[in-house]
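Worksheet: one structure, shown below.
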C-alpha cells in the first residue's frame, strides 16, 4: 500500500512538472545573453586617468589623492584592495555648474554625487569631466571617510 501511494505521488509529480517538448518550447521565453541585452558602456572620449582605491589595516587611500586633469578627461577609480569603496563628491566643493555635469556623468548613483560600491578587486568606476567647469572637486569614499580616504581633482 505504501509503495502504491509513493508511486502515485511520483507519477502525479512527474506529470505536473513535465510537458510535451512542443509545449515546453512554445511556453519558454527566448534565451537572451544578458551582456547583449545591456547597452554597452560608452568608451571615454577624452584621456583616462587612473586612481587606485586601497585599504590595508587602518590605512585607506586614493592613490594619488590629489590630481589635475584636463577638461574632458575621465577619472577611472579602481578598487585595488580593502573594499567596498565608492566615489562621492561634497556638493559644497563642486564648482558652480559642476554638480549637474557630475550627476549626468556618474552611473548607478546611490544618492546625489555618490557612486555605486565597488566590491571586487579590479572593479572600476568612471567619472567623466567632459563639459565640467574648471576648479577643484573634492570627494571621499563613503565607507572610509572617517579613516581619511579623500581626494581632490582639479580640472584645469
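Quick note: the coordinates plus some simple rules give every number you see, no bench work behind them. Here the structure is a predicted model, which means the values were calculated and not measured. In this analysis, Cβ positions are derived from the backbone assuming ideal geometry, glycine residues included, and neighbour counts consider all displayed protein chains.
What value does the range 76-126 have for Rg/Rh, both radii from Cα atoms and Rh as Kirkwood defines it? Intermediate results must be reported in sequence, preceding the final value.
On the way: Rg = 11.5 Å, Rh = 11.4 Å.
Checking Rg against Rh, the ratio lands at 1.01.
Return the equivalent ellipsoid semi-axes of the range 48-155 as a descending list in whole Å, where each equals the square root of 5 times an eigenvalue of the C-alpha gyration tensor.
Output for the range 48-155: semi-axes of 21, 13, 13 Å.
Which order do peptides 52-63, 89-100 fall in by mean Cβ count within 10 Å, highest first?
Values: 52-63: 16.4, 89-100: 14.4.
Per-residue mean Cβ counts within 10 Å order the peptides as 52-63, 89-100.
Run the paramagnetic zone check for residue 76: 7 angstrom along Cα to Cβ, then residues of the range 120-156 with backbone nitrogen under 13 Å.
Under cut-off, by backbone N: 122-128.
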